[in-house]
Amino acid sequence: MNKLIAFIEIYVAGSEYVKESADMNRIYALREFYINPRHIVGVRENKSLKDLFDSQQIKIEGLNEDLSFCKVILNTGSNITLNVDVVGTPELIMKKIQEC
């Protein structure tokens, strides 16, 4: 049996309407996400998520201000991929994969 790797996923948990701007604000949350390393086909930095976090458009209590985010690309079979946004640098993600 393959060992699963635990990551912290950042995801859109909902949205709220802002009357003043007539716009929707996304509500972000964190959750633990376990990945089979044999299904990882790519890891890259998610600069757009980092920019949102740095500009405080993403607010999650308890998160260090100096965070990085990555997009982990998983092969789910039949040429279908799933992109998961996780907390960490590409180097940290690769280290977890190699240690598995």
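The values are calculated or read from the model by the stated rules, or taken from the named source; none is laboratory data. Treat the numbers as computed from the prediction; the structure is a model and nothing was measured. Cβ: placed from backbone, ideal geometry, glycine included. Neighbour counts: every protein chain shown.
Quick notes on this structure:
- Cβ-Cβ contacts under 9 Å between residues 6 or more apart (or on different chains), taken from a first residue in the stretch 63-87 that is among the acidic types (Asp, Glu) to a second residue that is part of a loop (DSSP other than H, G, I, E, B) and surrounded by 12 or more Cβ atoms within 10 Å (Cβ to Cβ), are listed as 85/46.
- Hits in the stretch 42-76 - residues which are closer than 19 Å to residue 3 by Cα and more than 15 Å from the chain's Cα centre (by Cα): 75, 76
- Of all residues making up the stretch 6-26, the number that are modelled with pLDDT of 85 or more and aliphatic (A, V, I, L, M): 5
- Neighbours by Cβ (under 9 Å, 6+ apart or cross-chain): first from the stretch 1-24, of a type in the set (Phe, Trp, Tyr); second surrounded by 12 or more Cβ atoms within 10 Å (Cβ to Cβ) and outside any strand (DSSP E or B): 7/88; 7/93; 7/96
- Condition met for residue 97 (aliphatic (A, V, I, L, M), in contact with a Pro (Cβ under 7 Å, 6 or more places away or on another chain) and closer than 18 Å to residue 7 by Cα): yes
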